[in-house]
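**Q** There's a structure below that I have some questions on.
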Amino acid sequence: MTELVWDGKYINGKRQTPVRVALPFQTIETVNESAADRRKTLELFSAGQTTAWRNRLIWGDNKFVLPSLLPEFSGQVDLIYIDPPFTTGQDFSFTAMIPANDEYEQDEPTVFIKEPSILEQKAYRDTWGKGVDSYLQMLYERLSLSQELLSDRGSIYLHCDWHVGHYIKALMDELFGEDNFRNEIIWKRKGGSANPQNRLGVVTDSIFWYSKTDKIIFNPQFTKESDESKKYVEERFNRTDEKGRRFMDSPLVSPNPRPNLTYSYKGYAPPPNGWSISKEVMERWDKDGKLLFPADKSKRLRRKIFLDEYIGQPVQNLWNDIYVINSQSKEFVGYDTQKPESLLERIIKFSSDEGSLVVDFFCGSGTTGTVAERLGRRWVMCDLSRFAIHTARKRLLSTLGIQPFSVQNLGKYERQAWQSSEFKANGESTELKHQQESAYRRFILDLYHATPATGHVWLHGVKASRMVHVGAVDAPVTLSDIRAVAREVWKASNGSGEGRKAAADILGWEFAFELNETARQIAAESRVDVAFKKIPREVLEKKAVEQGDIKFFELGALSVGSKLKKQEVTIELTDFVIPIDDVPEDARKSIKHWSQMIDYWAVDWDFKDDTFHNQWQSYRTRQDPKLELKANYDYSEPGEYKVMVKVIDILGNDTTKTLDIKVK
Ligand SMILES: C[S@@+](CC[C@H](N)C(=O)[O-])C[C@H]1O[C@@H](n2cnc3c(N)ncnc32)[C@H](O)[C@@H]1O
């Protein structure tokens, strides 16, 4: 076989293999799970038993997510559909929207382009940094792990177009074997260009379908919508019965001699080879009005095929009956590269059964999972973009009868893996670990443009007369950390003799919940001015770091009020402040009320300091852009409850807040 070689496939004659480290997933949220199911899951989990299946939406780079799925799902996946970015520049910026201000009826939504985050730019460079060579290496790594995930009856469909399709075919032949190539499906996604100039308009995409073995799941599909089917219907269903039902007539002749089907029926002689159906079927069809009796008894009986019972022509590899979605389509969620549900429906029906596991690790707006859910399949989806994950979550929630699902990431494990590979300590001694940690802190301080400070335990740097604390990689910043920081800041500012003001920036990967408000209180009591800033995920990416300009955003501040009437609590969002650096200047003018920055909020009425269980939510959709700002809950049992509120802003970032509720 001819082999396709690209720059990076071999290094010093050695074939490069994908990352294979399996990191544990962390569930950051469960959606739509009843309290009873939640209890059951907890009980099973603590008894070390297998818990019920949950569909999964995973936020992360599939480079790390795929190897982490392998221990659990190797050989278990019946269908993979992927739609990776396939033209340079595509997919890494997205269209976001500031909704209209509810207080003014005339107000219109404002649409703006959200530029890619550094993480997304990094994925873009990983994919396209060395042109097609890096693209093929990226895909090769994903596809070789995909092959391990597939079950023996499994199939993979890869969606692409003319830019890279020809290379991908060669790559997939090599990985899956030429014999396992099933089809190149040509999807006609739009009508023609009005004015082609010096080349023809491109109206198709390609979908390469490969299987793991030759024993595949294959459920033939039929269509009435293709041009051929429509022509067939027009030409062939040209008769109408007395009830107005359109039908075509069709012979009832056996192609081969069948003595047992050679019988006379109601005075009509059999054809020389016999009929194509038994006498019982003939009688049944007669009763159902499906036979045509010619007036001349020497002629043959024929069968009526009614148009309303016709299932269509078998689907071939040219799909010209599925239309691309536009902004008026019901399923449109505003994701630029969103694919039609009917496309996924066909693929899922062809190559999976009810209960099959379907995976899409470039899931975008979540089309694959939404359709898989509707068709009774299990699903796992992954995307690197926060905005994609948020779009998919909202879309799933709007799906009728949605089963509970989990939102996951690789959390601190991805960071730990990064810390130990970036800041290598040769050995396990405490001293070396200490060195590793201070190298990590210096690195973060540098990105924050702060200078390291010595002689303190909790304070690691200084920036423009504010002290800086750098939170650990593997633990959230807690209230006791804040107390310790405040004490030291106070000591340092009084003892510095330089009249330094008592102020500190606290940088953390994660913050213990409710920290913002309570911690500000603590700091204010100790007369220290504190700011909390999130260390962005982008610092994990060497290239993003080299490019500089990493932004440390302040935590969003959310205010929530509550009222209790007997056992019923009402909570209300009363304010929300976040930095709006990511919203372009001219779009900012449209923000008249804080609630316009909120796209979605959800409540866990009985938060147990573990995972956020989404038990109530309100969100904006294109069809219904209004957002509720109040939510009620009736507690059936007296007790002390912790309510957690999670707000997601229009760019997909989340902010949480907890409230204590005492029900008598
Ligand atoms: C063409 S879009 C998929 C659209 C999707 N089929 C739909 O119907 O909405 C490709 C997606 O791949 C994601 N992506 C790109 N590189 C990735 C990576 N390394 N890991 C995970 N997702 C990635 C992008 O964020 C984007 O959402």
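**Q** What about residue 322, is it over 30 Å from residue 113 (Cα atoms), β-branched (Val, Ile, Thr), more than 10 Å from the ligand (Cβ to nearest atom) and surrounded by 19 or more Cβ atoms within 10 Å (Cβ to Cβ)?
**A** Values: over 30 Å from residue 113 (Cα atoms): no; β-branched (Val, Ile, Thr): yes; more than 10 Å from the ligand (Cβ to nearest atom): yes; surrounded by 19 or more Cβ atoms within 10 Å (Cβ to Cβ): yes.
Answer is no for this residue.
**Q** Considering each residue of segment 386-402, count those that are β-branched (Val, Ile, Thr) and either in a helix (DSSP H, G or I) or under 9 Å from the mean Cα position of the chain (by Cα) (or both), and give that number. Don't jump to the end; show me each part of the working.
**A** First, pick out the residues of segment 386-402 that are β-branched (Val, Ile, Thr): 389, 391, 399, 402.
Now drop any that are not either in a helix (DSSP H, G or I) or under 9 Å from the mean Cα position of the chain (by Cα) (or both), which leaves 389, 391.
Result for segment 386-402: 2.
**Q** Determine which single condition residue 88 fails, assuming it passes every other condition in (1) of a type outside the set (A, V, I, L, M); (2) more than 10 Å from the ligand (Cβ to nearest atom); (3) at pLDDT 95 or above.
**A** Among (1) of a type outside the set (A, V, I, L, M); (2) more than 10 Å from the ligand (Cβ to nearest atom); (3) at pLDDT 95 or above, the lone unmet condition for residue 88 is (3).
**Q** Okay, next question. In this structure, is residue 105 away from the ligand (no atom under 15 Å from the Cβ) and modelled with pLDDT under 75? Working first, answer last.
**A** Details: away from the ligand (no atom under 15 Å from the Cβ): yes; modelled with pLDDT under 75: yes.
Here the answer is yes, as residue 105 does meet what is asked.
**Q** A follow-up question, please. Collect the residues in segment 325-361 that are of a type in the set (Gly, Ala, Ser), away from the ligand (no atom under 14 Å from the Cβ) and over 20 Å from residue 394 (Cβ atoms), keeping them in residue-number order.
**A** 351, 352, 355, 356
**Q** Now, a different point. Among the residues of segment 644-658, is there at least one that is small (Gly, Ala, Ser), assigned to a strand (DSSP E or B) and surrounded by 14 or more Cβ atoms within 10 Å (Cβ to Cβ)?
**A** no
**Q** May I pose another question? For segment 239-258, which residues satisfy the criterion of being closer than 10 Å to residue 276 by Cα and in contact (Cβ under 8 Å) with a residue 40 or more places away in the chain?
**A** 251, 252, 253
**Q** Could you run through segment 136-172 and say how many residues are within 16 Å of the ligand (Cβ to nearest atom) and closer than 21 Å to residue 350 by Cα? Show your work before the answer.
**A** Residues of segment 136-172 within 16 Å of the ligand (Cβ to nearest atom): 136-146, 149, 156-165, 168.
From what's left, closer than 21 Å to residue 350 by Cα: 143, 146, 149, 156-160.
Summing the residues that are within 16 Å of the ligand (Cβ to nearest atom) and closer than 21 Å to residue 350 by Cα in segment 136-172 gives 8.
**Q** Where in segment 482-597 are there helices (runs of 4 or more DSSP H), lying fully within it, with 1 or more residues that are modelled with pLDDT under 80 and over 30 Å from residue 98 (Cα atoms)? Can you show your working first?
**A** On the way: elements: 515-525, 542-547, 585-588.
The qualifying helices (runs of 4 or more DSSP H) are 515-525, 542-547.
**Q** When the residues of segment 1-33 are narrowed to those that are part of a loop (DSSP other than H, G, I, E, B) and free of Cβ contacts under 8 Å to residues at least 24 places away in the same chain, which ends up surrounded by the most Cβ atoms within 10 Å (Cβ to Cβ)?
**A** Restricting to residues being part of a loop (DSSP other than H, G, I, E, B) and free of Cβ contacts under 8 Å to residues at least 24 places away in the same chain, the top hit is 5.
**Q** Residues in segment 426-457 that are part of a loop (DSSP other than H, G, I, E, B) and under 30 Å from residue 23 (Cα atoms): how many? It would help to see each step written out before you state the result.
**A** If we filter segment 426-457 for residues that are part of a loop (DSSP other than H, G, I, E, B), which is where we start, we get 426-429, 448-450, 453-457.
The next check asks that each one be under 30 Å from residue 23 (Cα atoms); those that pass are 426-429, 448.
Residues that pass the stated criteria total 5.
**Q** Just the residues that are surrounded by fewer than 20 Cβ atoms within 10 Å (Cβ to Cβ), in contact with an Asp or Glu (Cβ under 7 Å, 6 or more places away or on another chain) and at pLDDT 95 or above, please, taken from segment 337-352.
**A** 341
**Q** Looking only at segment 398-428, which residues are modelled with pLDDT of 85 or more, under 30 Å from residue 535 (Cα atoms) and aliphatic (A, V, I, L, M)?
**A** Here is the first cut: in segment 398-428, the ones modelled with pLDDT of 85 or more are 398-410.
Okay, now just the ones that are also under 30 Å from residue 535 (Cα atoms), so 405-410.
Hits for segment 398-428 are 407, 410.
**Q** Oh, and also: Please work out if residue 608 is assigned to a loop (DSSP other than H, G, I, E, B) and loosely packed, with under 14 Cβ neighbours inside 10 Å. Spell out the reasoning first.
**A** Working: assigned to a loop (DSSP other than H, G, I, E, B): yes; loosely packed, with under 14 Cβ neighbours inside 10 Å: yes.
Considered against the rule, which asks whether it is assigned to a loop (DSSP other than H, G, I, E, B) and loosely packed, with under 14 Cβ neighbours inside 10 Å, residue 608 comes out as yes.
**Q** Separate question: Give the number of residues within segment 13-55 that are more than 26 Å from residue 511 (Cβ to Cβ) and aliphatic (A, V, I, L, M).
**A** Final tally of qualifying residues: 8.
**Q** Tell me, which residue of segment 383-397 that is of a type in the set (A, V, I, L, M) and within 12 Å of the ligand (Cβ to nearest atom) is modelled with the highest pLDDT?
**A** Within segment 383-397, the first condition is being of a type in the set (A, V, I, L, M), and the residues that meet it are 384, 388-389, 392, 396-397.
Within this subset, residues satisfying the condition of being within 12 Å of the ligand (Cβ to nearest atom) are 384, 388-389, 392.
On the way: 384: 84, 388: 89, 389: 91, 392: 95.
In this case the residue turns out to be 392.
**Q** A further question on this structure: So residue 316 clears everything in (1) in contact with a Pro (Cβ under 9 Å, 6 or more places away or on another chain); (2) surrounded by 12 or more Cβ atoms within 10 Å (Cβ to Cβ) except one condition, right? Which one?
**A** (1)
**Q** Determine whether segment 415-428 contains at least one residue that is surrounded by fewer than 17 Cβ atoms within 10 Å (Cβ to Cβ), over 30 Å from residue 29 (Cα atoms), of a type in the set (Ser, Thr, Tyr) and not assigned by TED's automatic domain parsing to the domain that holds residue 388.
**A** Looking for residues that are surrounded by fewer than 17 Cβ atoms within 10 Å (Cβ to Cβ), over 30 Å from residue 29 (Cα atoms), of a type in the set (Ser, Thr, Tyr) and not assigned by TED's automatic domain parsing to the domain that holds residue 388, one finds none in segment 415-428, hence no.
**Q** Within segment 369-382, is there a residue that is assigned to a helix (DSSP H, G or I), away from the ligand (no atom under 16 Å from the Cβ) and in contact (Cβ under 8 Å) with a residue 24 or more places away in the chain?
**A** Step one: of segment 369-382, the residues assigned to a helix (DSSP H, G or I) are 369-374.
Still in the list and also away from the ligand (no atom under 16 Å from the Cβ): none.
So far as segment 369-382 goes, no, none of its residues is assigned to a helix (DSSP H, G or I), away from the ligand (no atom under 16 Å from the Cβ) and in contact (Cβ under 8 Å) with a residue 24 or more places away in the chain.
**Q** Now for a separate question. Scan segment 191-214 for residues that are part of a loop (DSSP other than H, G, I, E, B), of a type outside the set (Ser, Thr, Tyr) and surrounded by 10 or more Cβ atoms within 10 Å (Cβ to Cβ) and report the count.
**A** Step one: list which residues in segment 191-214 are part of a loop (DSSP other than H, G, I, E, B), which gives 191-203, 212-214.
Those left that are additionally of a type outside the set (Ser, Thr, Tyr): 191-192, 194-203, 212, 214.
With the extra rule that they be surrounded by 10 or more Cβ atoms within 10 Å (Cβ to Cβ), the set shrinks to 191-192, 196, 201-203, 212, 214.
The qualifying residues number 8.
**Q** With (1) at pLDDT 80 or above; (2) within 13 Å of the ligand (Cβ to nearest atom) as the list, and residue 100 as the residue in question, which single condition is left unmet?
**A** Residue 100 satisfies all of (1) at pLDDT 80 or above; (2) within 13 Å of the ligand (Cβ to nearest atom) except (2).
**Q** Give the residues of segment 34-56 that are surrounded by 18 or more Cβ atoms within 10 Å (Cβ to Cβ) and either in contact with a Leu (Cβ under 7 Å, 6 or more places away or on another chain) or part of a loop (DSSP other than H, G, I, E, B) (or both), sorted by residue number.
**A** 54
The values are calculated or read from the model by the stated rules, or taken from the named source; none is laboratory data. All of these numbers come straight from a predicted model, not from anything done at the bench. With ideal geometry, Cβ positions are generated from the backbone for all residues, glycine too; neighbour counts draw on all protein chains shown.
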